[in-house]
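Input: a single structure, listed below in structure tokens.
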Amino acid sequence: MIFSKAGFGGAVADFEAAAVAQDAKRSGKAFVRLQETFGQAKEADLLDGGPRLAAVLEQVPPGPRAVVAVLVGACVERGADAERCAPGVRAGLRVALEAAAAFAGAWAATGGGAFPVPDDGEPGEEIVERTGFDAAVGWWTLPQWEMAAVALLNHRAVRAGAGGERDELLRLLTAVEQASGRQFRSLGHALRVLDDEPLVALHRTSGTGYALRFFGIGDNFQLHTLLADALIGGGHVEGHAPSPHEVAVCRETPGQVDTVGSFDLTAPDGGRLWNEGAPADIPVVDGVRLLVLDEPSYRRSWPAGRFFPGMRGDVILERALEPEETERWFAHVSPAKELTG
């Protein structure tokens, strides 16, 4: 076969044509070339190739489909239009999750046991016989779909475009995790990221309250540092304020830097909200997420930064609440519960 164009751009064009024509031999050769040429791809070919590959994902067989999805995600990380790529990757992720859920059911129905750990190859004959090929491939390729989906979910517009479908994807993921005992933490956190989300924070020691809004926060470590900057760094409450560098890496500056906790994050019922969790864990009261900030019960340090290095996040202080408003919110709050070890 003589290709009309060399490099990644030529591989994309040939793979696209072969996928549409369902030419297995030609698509197989182009599939190899996609992987071989990606590392040296020109920017223009990446910008063009990502959406074109995403558009034909549905026509690619399940195994190589996941690899192509990873290439789409890599194109997005290097500048391709995430919104144009998102529908194809999102549809493929859903199919893979449904297949992985079917794998879990078939695995349990055929004797159960420890779930096989996917490797770089294909599922073995014994596994396929127990669960069926499509189900086995769904489970085997789920780590690749996680990589591809997270690359796209780094973009706020993609998260907004997914709408309520994110809830269904998260439901399927939760079912797979519970059945398999394996956590796909990056995908789970990415599907739960909130944007333009209102938050009321009550500072118990000072008896003050604050209306805030946040977006793009991957975990409560990041939220913790940005809240401390807005409230302590802003001079509204007493406590340890993070440095400008600690704050910057939690917004959009690359890297990590050591920081120290400024609060205990507490739910309205007095239970602890752990930094390892996500802002979506904060309970909703009267339509707004309500968080209590207590004095830190012990010194805790960690590397400040972003759970998703490619995702920009921030916490914005809108206003301090009036005393009457604060009192009404505090009426929903119980004393902090003692930790039991």
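The values are calculated or read from the model by the stated rules, or taken from the named source; none is laboratory data. Fair warning: this is a prediction, and the values are worked out from it, not measured in the lab. Because the Cβ atoms are built from the backbone with ideal geometry, glycine has one as well, and the counts that use them run over all protein chains shown. Accessible surface is based on the protein model in full, side chains and every heavy atom, while ligands, DNA and RNA are left aside. Shrake-Rupley method; radii C 1.70, N 1.55, O 1.52, S 1.80 Å.
Structure summary
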read-out	value
Candidate values [x] 42, 20, 19; [y] 41, 26, 17; [z] 44, 24, 16, label of the one derived for semi-axes √(5λ) of the Cα gyration tensor in Å	[z]
Rounded, prolate or oblate (a/c below 1.5 giving rounded, otherwise prolate when a/b exceeds b/c) for region 1-150 by Cα gyration tensor	prolate
Net charge contributed by nearby residues that have their C-beta within less than 15 Å of Ala320 (K/R +1, D/E -1)	-3
GNM top mover of Glu146, Glu322, Glu165 - the chain, alpha-carbon springs below 10 Å	Glu322
Distance (nanometres) between label positions extended 7 Å along Cα→Cβ at Ala91 and Val67	2.2
Amide H contacts under 5 Å for Thr259, placed H, 5+ residues apart	Trp302, Ala304
Accessible area per residue, Å², the chain with all protein chains present, probe 1.4 Å	47
Computed [θ] at 222 nm, deg cm²/dmol, the chain (DSSP H ≥ 4; -39,500 (n - 2.57); rounded to nearest 500)	-16000 deg cm²/dmol
Potential extension, Gln22-Lys5 segment - 0.36 nm per residue separation minus Cα distance	4.1 nm
Of the DSSP H helices in the chain, those whose Cα atoms cover at least 27 Å axially and whose Kyte score averages -1.0 or more	82-109, 133-153
Percent carbon-and-sulfur accessible area, the chain, ignoring ligands, DNA and RNA, probe 1.4 Å	52
Counting DSSP beta bridges with both ends in region 193-341, the antiparallel % (nearest 5)	80
Sites His332 and Trp274, calculated FRET efficiency, Cβ-Cβ separation with R0 30 Å, nearest 0.05	0.90
For Arg289, distant residues with modelled amide H under 5 Å away	Val200
Arg213-His240 pseudo-label distance in nm [points 7 Å out on the Cα-to-Cβ vector]	3.1
Beta bridges by DSSP in the chain, antiparallel share as percent, to the nearest 5	80
Mean Cβ count within 10 Å, highest first, over the residues of peptides 297-305, 203-211	203-211, 297-305
Probe 1.4 Å - accessible area at Cys250, Å² to nearest ten	0
